[in-house]
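Only one structure is covered here, and it is reproduced in the block below.
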Amino acid sequence: MKDYFAFQWHITDECDQRCKHCYIFAEGHPKLVVTPWQQLVHTLANIEDMAAQMDRTPYLYITGGDPILHPHFWDLLALVHAHDIPFTLMGNPFHLTDDVCRRMRELGCRKYQLSIDGLRATHDYFRKQGSYEATLAAIKTLRRADIRCAIMSTVSATNIDELPELIDVVVAHEADLFAFGRYCPTSEDKAHRHTWHIEPQRYRTFLDRCWHKFELYKDRGTTFSLKDHLWTLYLYERGLWTIPEGLDEDTIYDGCHCGDCHFTVCADGRLMACRRFESYVGTVAESMYDVFHGPKMEAYRAHERFDKCGRCELLRFCRGCPAVAYGYTGHFYAPDPQCWKQV
């Protein structure tokens with residue numbers, strides 16, 4: 001199969017929750033955008049054209065807000081299914097009945113991503129009361145419909161000590177996949193930037209605790225995705241991963257996918273190099289292929305410009321999270337604030 005190219009496609013800002021770390025509401029109370037139907041159709045054609053020119057298979061992560069709240073949600077799923085494009089849905093648990101999940105499965109949904117950001121009190125603090133129990137219940141609802149359930153967490157100083165225990169919970173509830181990413185400040189999020197910050201050594205200790213859990217549960221049916229690129233550094237230091245021999249020293253092999261195999265499409269039609277930081281590069285009214293190969297995107301492929309990472313032997317495989325670095329400093333190439341390595 002051809003290599004995949006991922007499109008994180010936000011089709012609506014409408015949502016049942018007002019999460020404290022949400023990008024949409026980071027600047028207060030924005031006007032919520034719902035992508036018009038004709039723009040959805042045009043965007044899908046644009047995606048297919050770009051993927052064809054790059055000889056890649058498009059993979060869609062359809063999200064919002066909560067994508068199921070879009071008035072043409074079912075029409076879009078039917079169109080995507082008719083074009084035989086694989087996709088994952090990322091949304092809330094509140095509308096996931098048995099009938100809804102069965103219908104989603106019939107239209108090609110193989111995986112649905114939910115979020116749990118700590119144990120009950122902490123998760124409901126981030127999202128809303130009752131969200132924790134609704135999410136755990138939705139895992140079983142999805143699995144009854146033969147839809148794989150992925151659980152994603154956002155780690156900050158507020159919940160970091162609870163995440164290892166949360167791994168026990170998601171395994172017990174038979175989630176198919178578990179992963180986490182780090183809290184990424186926005187330019188307007190000054191209130192939480194310091195209180196939610198994780199010191200590097202504390203984060204390294206946290207990874208150690210999670211790895212112990214992953215090893216404990218490796219045969220229980222839950223896949224643990226090492227989404228954070230600092231896992232590469234952790235495994236490298238522990239001797240569990242080594243730099244392959246005979247590779248091209250000028251080739252980027254892994255790490256952040258920004259500028260490589262990922263695009264974000266916002267509900268208002270803006271194209272972003274990455275949704276996690278201010279990285280506007282164009283709009284869906286333009287050729288997405290041309291935008292991806294244009295000068296604005298080239299800036300995110302200038303790997304030699306990374307400050308600390310540029311002096312590290314793991315440059316071609318890690319680079320931490322440049323979006324998190326941008327959130328703290330305003331600079332994409334700044335050192336990752338949770339990286340503990342001395343270079």
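The values are calculated or read from the model by the stated rules, or taken from the named source; none is laboratory data. Keep in mind that this is a model prediction, so the values were computed, not measured. Counting neighbours? That spans all protein chains shown, and the Cβs are built from the backbone with ideal geometry, glycine included. Heads up: the accessible areas ignore ligands, DNA and RNA and are worked out on the full protein's heavy atoms, side chains in. Shrake-Rupley method; radii C 1.70, N 1.55, O 1.52, S 1.80 Å.
Which residue out of C274, C256 is surrounded by 19 or more Cβ atoms within 10 Å (Cβ to Cβ), touching a Lys or Arg at 6+ places or on another chain (Cβ under 7 Å), of a type in the set (A, V, I, L, M, F, W, C) and in contact (Cβ under 8 Å) with a residue 24 or more places away in the chain? Answer to the selection: C256. Candidates are the residues of the range 279-298 that are over 21 Å from the mean Cα position of the chain (by Cα) and assigned to a helix (DSSP H, G or I); the one that is surrounded by the fewest Cβ atoms within 10 Å (Cβ to Cβ) is P295.
In the range 146-164, is there at least one residue being of a type in the set (S, T, N, Q) and open to solvent by 10 Å² or more (accessible area, probe 1.4 Å)? For the range 146-164, residues of a type in the set (S, T, N, Q) and open to solvent by 10 Å² or more (accessible area, probe 1.4 Å): present. So, G269, is that one open to solvent by less than 70 Å² (accessible area, probe 1.4 Å) and either in contact with a His (Cβ under 6 Å, 6 or more places away or on another chain) or at negative phi (or both) or not? Answer is no for this residue.
Being hydrophobic (A, V, I, L, M, F, W, C), part of a helix (DSSP H, G or I), farther than 30 Å from Q38 by Cβ and touching a residue at least 12 places away in the same chain (Cβ under 8 Å) is the requirement here; does A323 meet it? Yes. Suppose the filter is of a type in the set (S, T, Y), in a helix (DSSP H, G or I) and crowded, with 18+ Cβ neighbours inside 10 Å; does T122 pass it? It is true that T122 is of a type in the set (S, T, Y), in a helix (DSSP H, G or I) and crowded, with 18+ Cβ neighbours inside 10 Å. So is L136 out of contact with any Ser or Thr (no Cβ under 9 Å at 6 or more places or on another chain), among the aliphatic types (A, V, I, L, M) and under 17 Å from T63 (Cβ atoms) or not? The answer is no for L136.
Considering only the range 86-107, state which residues are open to solvent by 10 Å² or more (accessible area, probe 1.4 Å) and closer than 18 Å to F5 by Cβ.
Of all residues in the range 86-107, those open to solvent by 10 Å² or more (accessible area, probe 1.4 Å) come to 86, 90-100, 102-103, 105-107.
The answer is P86, M90.
Keeping to the range 299-310, report how many residues are of a type in the set (F, W, Y) and open to solvent by 80 Å² or more (accessible area, probe 1.4 Å). The number of residues fulfilling the criteria is 0.
Scanning the range 235-258 for residues that are at pLDDT below 90 and in contact with a helix residue (DSSP H, G or I) (Cβ under 8 Å, 6 or more places away or on another chain) turns up just one, I252.
What pairs can you find where one residue is in the range 296-316 and among the aromatic types (F, W, Y), the other is open to solvent by 30 Å² or more (accessible area, probe 1.4 Å), and their Cβ atoms are less than 6 Å apart, with a gap of 6+ or different chains? Taking only residues 6 or more apart or on different chains, the pairs are F306/Y333.
Within the set R270, R275, R220, the sole residue that is modelled with pLDDT of 95 or more, of a type in the set (K, R) and touching a strand residue (DSSP E or B) at 6+ places or on another chain (Cβ under 8 Å) turns out to be R270.
Is it the case, given these coordinates, that E199 is modelled with pLDDT under 95 and open to solvent by 60 Å² or more (accessible area, probe 1.4 Å)? Quick ask: steps written out before the conclusion?
Details: modelled with pLDDT under 95: no; open to solvent by 60 Å² or more (accessible area, probe 1.4 Å): yes.
It is false that E199 is modelled with pLDDT under 95 and open to solvent by 60 Å² or more (accessible area, probe 1.4 Å).
For residues that are of a type in the set (V, I, T) and open to solvent by 20 Å² or more (accessible area, probe 1.4 Å), scanning just the range 49-85, find the one that is nearest to L32 (Cα to Cα).
Quick first cut of the range 49-85, residues of a type in the set (V, I, T) only: 57, 62-63, 68, 80, 85.
Then drop every residue that is not open to solvent by 20 Å² or more (accessible area, probe 1.4 Å), which leaves 57, 68.
Numbers: T57: 31, I68: 15 Å.
Looking at the filtered set, the residue picked out is I68.
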